[in-house]
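Single-structure report; data block below.
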Amino acid sequence: MGEKRKINFLLYGEGSFLNKGCEAIVNTTIKKIQKECEGEMVLSTNDIAVDSQSYQDIITKYVKGYYKEEELTPEEKEKIEYYKTIPFDYTNFEEVYEKDCLAEIEKADICMSVG
C-alpha cells in the first residue's frame, strides 16, 4: 500500500451523536476515509459539547453547524430582518446561521453530508 493522499474533509449536516443513526454514518465514513487518506477532518455539528467527546483522535476540528436566533449578534439579527424584506435567497440566511460551516467549505477539498 502506497502513501496516503492528503485531503481535507468537511463532514456537515450532523445534528448530534445523540442520534445514533448520525453517529453510525460519521463513524463509518471517517473509518473508510482513514484507510485511504490523511488530512484535516472537520465535523460541522449542532452539538459540539456532545460530539467533541467522540473521535478526538480522528476529527481534528469541530465547528458549529447552525446558530439559533438567540445566538446571533445584533448585527446579524439586523441582517436577518433586512433579508426578510427582499426576495428570498436562501444563501443570505446561510451566511448568518451557518457561518462557521461555510467558512470551512472554503478550506475543504471534499465536503460530505453525514446528517
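For the chain, the extents of the C-alpha atoms along the principal axes are 57, 27, 20 Å, listed from largest to smallest.
Going down the list LYS6/LYS68; LYS32/LYS68; LYS20/LYS61, which pairs span over 25 Å between their C-alpha atoms?
Violating the 25 Å Cα-Cα cut-off are LYS6/LYS68; LYS32/LYS68.
May I ask you to list the aspartates and glutamates whose Cα is less than 20 Å away from that of LYS107, ignoring any residue fewer than eight positions away on the same chain? Within the straight-line limit of under 20 Å, LYS107 reaches these aspartates and glutamates: GLU14, GLU36, GLU38, GLU40, GLU94, GLU95, GLU98.
Helix-only arithmetic for the chain: the sum of -39500 (n - 2.57) across DSSP H runs with n ≥ 4, divided by the residue total, places the mean residue ellipticity at 222 nm at -11500 deg cm²/dmol. Among TYR62, TYR83, the ranking by other beta carbons within 10 Å of each residue's beta carbon, starting with the fewest, stands as TYR83, TYR62.
Only the coordinates and a few stated rules stand behind these numbers; no lab work does. All values reported here derive from a predicted model rather than from experimental measurement. As a convention, Cβ positions derive from the backbone with ideal geometry for all residues, glycine included, and neighbour counts pool all protein chains shown.
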